[in-house]
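Have a look at the structure below, then the notes.
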Amino acid sequence: MPATHSVPGVLSVGSALPPHYADQQAILEAARRFWKDAGLDLGKLDSLHRATRVQGRYLALPLEEYGREVSFGRSNTTWLRVATDVGAQALQEALAAAGLAASAIDHLFFVTVTGVATPNIDARLINRLELRPDTRRTPMFGLGCLGGATGLARAADYLRAFPDHVAALVAVELCSLTLQREDASMANSIASALFGDGAAAVILGGAHRAENGPRVVDSRSVFYPETESVMGWETIDTGFKLVLSPKVPQVIGEHIAGDVDRFLASHGLRREQIRHWVCHPGGPKILEVIQAALGLGDAALEASWRTLAEVGNVSSASVLFVLQQVREQGAPGDYGLVLAMGPGFGTELVLLRW
């Protein structure tokens with residue numbers, strides 16, 4: 001295992017939420033209006049919303065605007081505007097927490113799965129925040145809920161090659177803009193009950209720039225062959241239609257313990273040595289399966305449950321919201337594990353040490 005002083009570190013984490021908030025009951029009532037004539041079992045819809053344990057969510061638009069029929073183009077235009085705003089806010093907060101100016105960033109990684117743009121949001125953030133013209137850019141699309149952990153891992157990989165550099169990771173997801181108003185499927189019903197909007201940013205420093213806080217010791221990607229149909233998007237005329245198999249908890253339950261144990265064993269570690277679990281809050285069933293499979297106590301995933309309740313599942317940004325809470329809790333020598341699952345289907349693991 002490399003000495004902690006020789007690996008990149010997480011200098012700060014920032015987050016931002018859109019200005020429109022709706023509690024879960026208000027969102028449920030809106031969903032009932034959307035699908036009252038679609039033959040959907042409204043009793044089942046009520047049960048879905050309550051079962052998520054989400055208290056409310058932040059939205060890119062006022063709640064009443066989601067009842068209007070819109071094209072993919074109009075939704076994506078809204079995504080571009082709001083994603084730039086919340087992405088800039090999250091990055092500014094992270095920079096302020098790290099005590100750095102925007103000009104300190106050498107490489108900007110950007111993650112999303114809820115909108116498309118060329119040039120991407122990272123270019124707009126360089127203009128908005130006046131980053132240096134020679135800032136390197138790596139936009140990443142299609143990773144879904146994996147994206148926050150994967151972006152963290154890839155930023156750390158970069159910094160191993162450039163130990164004097166600073167990298168920034170920005171994850172923006174506006175899941176509400178992918179709502180398919182005419183789709184009364186179970187997958188879309190679950191999406192209406194679970195997913196929210198927001199952004200998170202992480203500032204990382206190479207080994208020569210890292211200070212207090214967790215170091216990124218190592219990472220591991222695990223891909224499960226022939227599982228493309230488990231989760232993802234189907235692109236239709238009105239935008240992104242969610243693909244979400246009921247087998248997701250089963251797939252995670254079958255793999256997560258072995259994935260975690262093999263990764264930890266490669267560093268001479270066991271589960272009981274992990275003090276901080278930074279787990280993507282994919283939903284109650286996901287968290288329950290992970291807790292059971294890993295044999296964790298109720299307190300281990302407290303930050304994940306809190307994030308789920310307060311903002312819902314914000315796809316790639318969610319695990320970074322959890323990291324923001326956990327980062328300040330670590331003591332020197334503590335180990336932490338970031339874990340997220342998503343389209344592929346697969347798992348991303350990131351080992352931290354304070």
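Here are the numbers:
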quantity: Condition met for residue 276 (in contact with a Gly (Cβ under 7 Å, 6 or more places away or on another chain) and at pLDDT 95 or above); calculated: yes
quantity: Residues of segment 202-245 satisfying the condition of being under 25 Å from residue 178 (Cα atoms) and without any contact (Cβ under 8 Å) to a residue 12 or more places away in the chain; calculated: 234, 235
quantity: Residue satisfying condition, being of a type in the set (S, T, N, Q), surrounded by fewer than 21 Cβ atoms within 10 Å (Cβ to Cβ) and under 26 Å from residue 287 (Cα atoms), within set 71, 47, 103; calculated: 47
quantity: Total residues in segment 161-192, condition of a type in the set (S, T, N, Q) and not in a helix (DSSP H, G or I); calculated: 2
quantity: Any hit, segment 152-168, residues being aliphatic (A, V, I, L, M), crowded, with 17+ Cβ neighbours inside 10 Å and touching a Gly at 6+ places or on another chain (Cβ under 6 Å); calculated: yes
quantity: Scope segment 155-209; condition charged (D, E, K, R) and under 15 Å from the mean Cα position of the chain (by Cα); matching residues; calculated: 173, 197
quantity: Residue within segment 29-52 that is in contact with a His (Cβ under 9 Å, 6 or more places away or on another chain), modelled with pLDDT under 95 and not aromatic (Phe, Trp, Tyr) present; calculated: yes
quantity: Every residue from segment 193-241 that is surrounded by 23 or more Cβ atoms within 10 Å (Cβ to Cβ), assigned to a strand (DSSP E or B) and aliphatic (A, V, I, L, M); calculated: 199, 200, 201, 202, 203, 204, 216, 231
quantity: Residue match in segment 269-287 (condition: among the aromatic types (Phe, Trp, Tyr), over 19 Å from the mean Cα position of the chain (by Cα) and closer than 26 Å to residue 218 by Cβ); calculated: no
quantity: Evaluation of residue 130 against (1) over 18 Å from residue 341 (Cβ atoms); (2) touching a Ser or Thr at 6+ places or on another chain (Cβ under 8 Å); (3) crowded, with 18+ Cβ neighbours inside 10 Å; (4) not aromatic (Phe, Trp, Tyr) (one fails), failing number; calculated: (3)
quantity: Positions within segment 325-354 being polar (S, T, N, Q) and surrounded by 24 or more Cβ atoms within 10 Å (Cβ to Cβ), in sequence order; calculated: 347
quantity: Residue 252 vs. criteria touching a Phe, Trp or Tyr at 6+ places or on another chain (Cβ under 6 Å), crowded, with 19+ Cβ neighbours inside 10 Å, more than 30 Å from residue 74 (Cα to Cα) and at pLDDT 95 or above; calculated: no
quantity: Residues located in segment 144-192, provided they are out of contact with any strand residue (DSSP E or B) (no Cβ under 7 Å at 6 or more places or on another chain), under 19 Å from residue 222 (Cβ atoms) and among the hydroxyl-bearing types (Ser, Thr, Tyr); calculated: none
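The values are calculated or read from the model by the stated rules, or taken from the named source; none is laboratory data. Worth saying up front: this structure is predicted, and the values here are computed from it rather than measured. Quick reminder, even Gly has a Cβ in these numbers, built from the backbone with ideal geometry, and neighbours come from all protein chains shown.
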